[in-house]
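Structure, as structure tokens:
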Amino acid sequence: MNIAEIESSLKDLVETPFDAGTFIFHFLEIYDAPKATVTKLRQGTTNHAKEPGELLWKNKLFFRVAEKGQAAMSVDAMADDPLAKKHAPRIFLATDGEEVYCRDVKADQTCDTSFDKLNDIFDFFLPLAGIERYEGVAENDPHIRNGKRNARLRLIFENGTEGKNLLRSLATELYKDPSGRRLSEPNAGPLFDPAPTTATVVGPNGHGKVTTLIDENARFPHPNPLPQAGEGANESLRELQVNERITGCIYIVRSLSPSPEIAKLDGQLFKIGFTTASFEDRIRGAKDDPTFLMAPVYPVRTYDAINLNANKFESLMHRFFADARLDIEIMDRFGKPFRPREWFLLPLPVIEAAIVMLLDGTILRHRYDAVACEIVSVQAQWLG
């Protein structure tokens, strides 16, 4: 099938009643999975999943029929399944017939939609048909080094002298200088805003212990002090110790969207997300990404997650702040409606406090009060 036929066939599929036993096989046929492959998966010959209602196609797809309202949690559980680590599926997909949650591990993207709108995100699953989304780069462009643009600049210094530094070299020097700043847009605010708090975020006895979320050696180093977009924005402030590894980046950004509906919320609206790639790479295509409201973003905080299951961190944080989630529908670059799920109307200090509480486990005894705009103790609520 071509792309138009895939979208049309997927629309036909979601307009029929959901059948937990046959849906995934029809889905794979739409994305041009070979008939022999689909037959073997039906028979269980090449289906590496062990539970009823699951399908695990090696290096391709891990699918599960979820309990009602549990699609996102199902994907989290599937990602932690030893079978997933063994067979390395690229795409995780779960649905209860009403909602759909999916994750592309290679592209570091997630998507959340209703079942009847699955065809609106048909392009998310194109890798199953061998079709990748990419941005073209000139093959012999002299300004491309290791896949990154490294243009020669004309620099004019405040004393009137000029230089012809390379872009990446300039970025490196900026991050070496504690007072270095960049003006990325004219309304960014005062040039020398106070640096973010640099107190280490650590759990009890230096360990974060949250059941099923973080292992006993999980913790955050300092928030990165210069949350500017560009090379070096996500560098750790200290050397990693033995048995420590960076497992992802937690980030908080605000939108630079010119839309009046979004702009009026500036200072109250933040995206809480994670990436297993570099922070710079994650936000580079923000203006074309509906999860970023189809607009550039401004970095507010980034955290290098050390020994942290970043997927579960994000999932729990989003559930904790569910009542503050922005309810908006925007059009993606294909003109399809999309409802972003990672933007919240919250005071920044509340987000920072929640990160600390999640790490030390006290978040389990609290909830977010969207009316009072504060985190409150569940026990205190009961006593009241």
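Since every read-out is calculated from the coordinates, none of them should be taken as a lab result. Everything quoted here is computed from the prediction, not taken from an experiment. All Cβ positions, even for glycine, are placed from backbone atoms using ideal geometry, and neighbour counts span all protein chains on display.
Assorted remarks:
- Unique match (being closer than 22 Å to residue 337 by Cα and of a type in the set (Gly, Ala, Ser)) among 277, 263: 263
- Given (1) under 26 Å from residue 75 (Cα atoms); (2) surrounded by fewer than 18 Cβ atoms within 10 Å (Cβ to Cβ); (3) not β-branched (Val, Ile, Thr), index of the condition residue 264 fails: (1)
- Each residue in the range 327-344 was checked for being assigned to a loop (DSSP other than H, G, I, E, B) and closer than 14 Å to residue 286 by Cα, and 4 pass.
- For residue 277: the one exception among (1) in contact with a Leu (Cβ under 6 Å, 6 or more places away or on another chain); (2) in a loop (DSSP other than H, G, I, E, B): (1)
- Flag if residue 305 is among the aliphatic types (A, V, I, L, M) and closer than 26 Å to residue 117 by Cα: no
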